[in-house]
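A.B. asks: Below: one structure in structure tokens.
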Amino acid sequence: MGFQLGLFSPNTESGLAITTVPERWSASWDDNLRLARLADEAGIDFMLPVARWTDWGRDTAFHQSVLDPLVWASGLLAATRRIRVFTTVHTAFHHPVVAAKQLATADHLSAGRVGLNIVAGWHAPEYEMFGLSLPSDHDTRYAYAQEWWDIVSRIWSSAEPFDHDGRFFQLKRVVGAPKPYNGRSLPTINAGSSKQGRSFAARNADRAFTVVGGPEDGAEIVKAIRAEAATHRRTVGVFTLGHVVCAPTRAEARERLRHYADEHADWPAVDEVMRLQGLHAQSFTPEMLQLHRDRFAAGHGSCPLVGDPDDVADAIAAFAGAGFDGIALSFLNYADELGYFAAEVIPRLEARGVRAARPGATAAGA
Ligand SMILES: Cc1cc2nc3c(=O)[nH]c(=O)nc-3n(C[C@H](O)[C@H](O)[C@H](O)COP(=O)(O)O)c2cc1C
């Protein structure tokens, strides 16, 4: 299949763009449905939602409205034919017995196309909403996530009821049926960039989803995650994320970026997101937080994929060259912009050998 392309965060109002322009992403159900059908048709490999329970506490449209990732994924899976749709599950807020049942159900309704993104949690106000407190150290957060995942995967693999007597859960006579559609498990992602997050992915997930500065530092991170997975006799795919601004000319693309992510950036929200990330998560290194305020406005700190179709194809190809298995993309307005990306950039990726040509597709920009 080659390098995978996905769409990240279309279930959230404004997507990853922290901006006030009126054409920003609505995240309405109708727009998501239109997007999923376009993506299915265009050969996009996966969609990946963000799990968010509370907004960022500023007078802004950024992430005020967020469709629930599992309900969203189930609806989209029922309306599409081919694409994989992940759901994102907070281990702290979803009981593992409930999650195992819901995920298996979504897998059956889609004949095996749902995937699971496991997030360990970091946003303290969300914990307070649930009457919980965020464990201050990453070791405890990921120990909790490990126990959560051990229970979910055991429910899926166990024919007999079992008891679980752990540090965080004490459960009696646990059972769950149906099992996932393939009778075993679902494709899993772990999203996290700290040492503990990447280790969790190396031990448990099929894909590590991680933030990098670009292809150069990314190549080192890919090697490190793969090497750590190999110590557990596992292989893991490594994915990152980027925001696309693609136009017929480089100048036009740069002007669009300047318009939404500079002139009309929602700077108070940008600063609040960065402050909270710096306080509680290690998804971004302190250097990234210092250097990349502009990237937060444009795409929540993800890598820029900006320019004409050749520029954007080159930028994506550089991640494939660095060893990544795929990238999840965001757009200012996903459904309005995906058609152009699919028509102009995907054939260029095929021509560059980054993706296998789809039957009937014509190469461009070779
Ligand atoms: C690519 C990526 C996507 C993430 N998506 C979510 C999300 O949807 N919801 C959430 O609360 N946290 C999300 N996170 C946060 C992580 O799941 C994790 O809890 C947080 O990054 C703190 O862990 P870390 O310091 O290991 O990165 C994401 C992190 C990354 C790197």
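The values are calculated or read from the model by the stated rules, or taken from the named source; none is laboratory data. Everything numeric in this text was worked out from a predicted model, so none of it was measured. Backbone-built Cβ (ideal geometry, glycine too); neighbour counts: all protein chains shown. Remember, those area values only see protein heavy atoms, side chains included, never the ligands or the DNA or RNA. Shrake-Rupley method; radii C 1.70, N 1.55, O 1.52, S 1.80 Å.
A.B. asks: What part of the accessible area of the chain, given as a whole %, is carbon or sulfur when the probe is 1.4 angstrom? Please report the intermediate quantities before stating the final value.
C.D. replies: On the way: 7870 of 15020 Å².
Heavy-atom surface of the chain belonging to carbon and sulfur, 1.4 Å probe: 52 percent.
A.B. asks: Same structure, new question: Taking only the alpha-carbon positions of the stretch 50-147 and ignoring solvent, what does the Debye formula give for the base-10 log of I(q)/I(0) at q = 0.17, 0.18, 0.21, 0.22 Å⁻¹?
C.D. replies: Ignoring solvent entirely, the Cα scatterers give -0.83, -0.91, -1.09, -1.14.
A.B. asks: Sticking with this one: Among all the lysines, which ones have a C-alpha under 17 Å from Lys101's C-alpha, if same-chain residues fewer than 8 places away are not counted?
C.D. replies: Hits, sequence-local ones excluded: Lys172, Lys179.
A.B. asks: Sticking with this one: What spacing in nm lies between the two simple spin-label points modelled at Arg184 and Ala78, each 7 Å away from Cα in the Cβ direction?
C.D. replies: In this crude label model, Arg184 to Ala78 measures out at 2.9 nm.
A.B. asks: Would you mind working out the accessible area per residue for the chain, using a 1.4 Å probe, and quoting it in Å²? If you can, show how the numbers build up before the last one.
C.D. replies: Working: 15020 Å² over 366 residues.
With the other protein chains kept in place, the chain gives 41 Å² per residue.
A.B. asks: In Å, what Rg and Dmax follow from the Cα atoms of the stretch 78-131?
C.D. replies: That works out to 13.3, 40 Å for Rg and Dmax.
A.B. asks: Continuing with the same structure: Using alpha-carbon pairs under 8 Å, 6+ residues apart, how would you state the relative contact order of the stretch 4-351 in percent?
C.D. replies: Values: 685 pairs, mean separation 74.9, N = 348.
Relative contact order comes out at 22 percent.
A.B. asks: Over the stretch 4-351, what lengths in whole Å, largest first, do the semi-axes of the equivalent ellipsoid take, defined as the square roots of 5 times the eigenvalues of the alpha-carbon gyration tensor?
C.D. replies: 32, 22, 20
A.B. asks: Sequence neighbours fewer than 8 away in the same chain don't count; with that in mind, list the aspartates and glutamates whose C-alpha is under 15 Å from Lys223.
C.D. replies: Partners found: Asp325.
A.B. asks: Out of the DSSP beta bridges found with both residues in the stretch 4-351, what percent are antiparallel (nearest 5)? Before the final figure, lay out each step's value.
C.D. replies: Details: 5 of 40 bridges.
In the stretch 4-351, approximately 10 percent of DSSP beta bridges are antiparallel ones.
A.B. asks: Moving to a separate point now. Determine the relative contact order of the stretch 249-348: mean sequence separation of Cα pairs under 8 Å and six or more apart, normalised by residue count, in whole percent. Show your work: numbers first, answer last.
C.D. replies: Details: 67 pairs, mean separation 27.4, N = 100.
This gives 27 percent for the stretch 249-348.
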